[in-house]
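Enquirer: Next up is a structure, given as structure tokens.
The values are calculated or read from the model by the stated rules, or taken from the named source; none is laboratory data. This is a predicted model, so every value here is computed, not measured. Neighbour counts run over all protein chains shown; Cβ positions are idealised from the backbone, glycine included.
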Amino acid sequence: MAGKAKRIAEEFAGFSTPEAILIAAEKLCGEEGPSGLKLRGIARRVGIEPASAYNHYKGLPGILAALIRNALTAETALLKLPEDLQGDGAVEELCLRTTRFFAERPGIVRLSLNDFAEVHHQTPNAFDENQALIVQMLDLEAEFHRRHLGLGHLSRKRLGEIATSRRSMILALLSLTWLNQKEVDEARVQEIAGLAAAFMKGLPAQLK
């Protein structure tokens, strides 16, 4: 047992306990899915007692809220493209960045797809807790669509739906690849990004 605890601790060498908890939660979600994510399992992975997690987060809901907050912040940063990228080039780069981001984070992919499928009750989940960040990200992408796709005539709501569709397409294709037990290598990343970009670039003609 002592050997196992040492191995678990070494997995998170160099990280603070709060950071290790989030990393462990994301890894476990990628391996076992959201339904298998338990506070006890996260604590065991990190090498701490479950009660110790409460020193940093308000239980499992607090861990998930922080995990999604960090992921949304990182995803929003993907929208900051070089100024010399315009039009189709910008669309292709954004889709490639997004696909690479999620390909490296299967836990976030599974949490996101679970959120899409979940019936939301009065109790908010980790995404509901970060609604302000989600709105901010969608607004930034709406501006991206106005600038690079010429979709300024569409409503804010419609542009948000387009942003959500692009993201969902990438998530679904990655999930399907893993479901078929295939590797998401660079070739597959390029393929998925290309499909998402083709969808986006076809919108101006369809939404005149």
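Enquirer: Residue 90 passes all but one of (1) under 19 Å from the mean Cα position of the chain (by Cα); (2) part of a helix (DSSP H, G or I); which number fails?
Expert: (1)
Enquirer: In addition: Which of (1) farther than 27 Å from residue 63 by Cβ; (2) modelled with pLDDT under 95 is the odd one out, the single condition residue 202 does not satisfy?
Expert: Single failed check for residue 202: (2).
Enquirer: Condition (residue is touching a residue at least 60 places away in the same chain (Cβ under 8 Å), touching a Phe, Trp or Tyr at 6+ places or on another chain (Cβ under 8 Å) and under 24 Å from residue 114 (Cα atoms)) applied to the stretch 182-191: is it met by at least one residue?
Expert: yes
Enquirer: Separate question: So which pairs qualify, if the first residue must be in the stretch 162-180 and in contact (Cβ under 8 Å) with a residue 24 or more places away in the chain, the second must be among the acidic types (Asp, Glu) and surrounded by 18 or more Cβ atoms within 10 Å (Cβ to Cβ), the Cβ gap must be under 6 Å, and the two must be at least 6 apart or on different chains?
Expert: 163/141
Enquirer: Within the stretch 146-156, does at least one residue satisfy the condition of being more than 22 Å from residue 206 (Cα to Cα), of a type outside the set (Phe, Trp, Tyr) and not in a helix (DSSP H, G or I)?
Expert: Checked the stretch 146-156: no residue is more than 22 Å from residue 206 (Cα to Cα), of a type outside the set (Phe, Trp, Tyr) and not in a helix (DSSP H, G or I).
Enquirer: Is it fair to say residue 167 is among the basic types (Lys, Arg), farther than 16 Å from residue 75 by Cα and out of contact with any Asp or Glu (no Cβ under 6 Å at 6 or more places or on another chain)? Before the answer, list the steps.
Expert: Details: among the basic types (Lys, Arg): yes; farther than 16 Å from residue 75 by Cα: no; out of contact with any Asp or Glu (no Cβ under 6 Å at 6 or more places or on another chain): yes.
In short, no.
Enquirer: Restricting to the stretch 1-39, count the residues that are at pLDDT below 80 and in a helix (DSSP H, G or I). Before the answer, list the steps.
Expert: Here is the first cut: in the stretch 1-39, the ones at pLDDT below 80 are 1-9.
From the residues that got through so far, the ones that are in a helix (DSSP H, G or I) too are 2-9.
Of the residues in the stretch 1-39, 8 are at pLDDT below 80 and in a helix (DSSP H, G or I).
Enquirer: Can you work out which of the residues in the stretch 106-122 that are modelled with pLDDT under 75 and outside any loop (DSSP other than H, G, I, E, B) is surrounded by the most Cβ atoms within 10 Å (Cβ to Cβ)?
Expert: So, considering only residues that are modelled with pLDDT under 75 and outside any loop (DSSP other than H, G, I, E, B), the one surrounded by the most Cβ atoms within 10 Å (Cβ to Cβ) is 116.
Enquirer: Right, another one. In the stretch 34-56, is there at least one residue being at negative phi, within 14 Å of the chain's Cα centre (by Cα) and among the charged types (D, E, K, R)?
Expert: No: zero hits.
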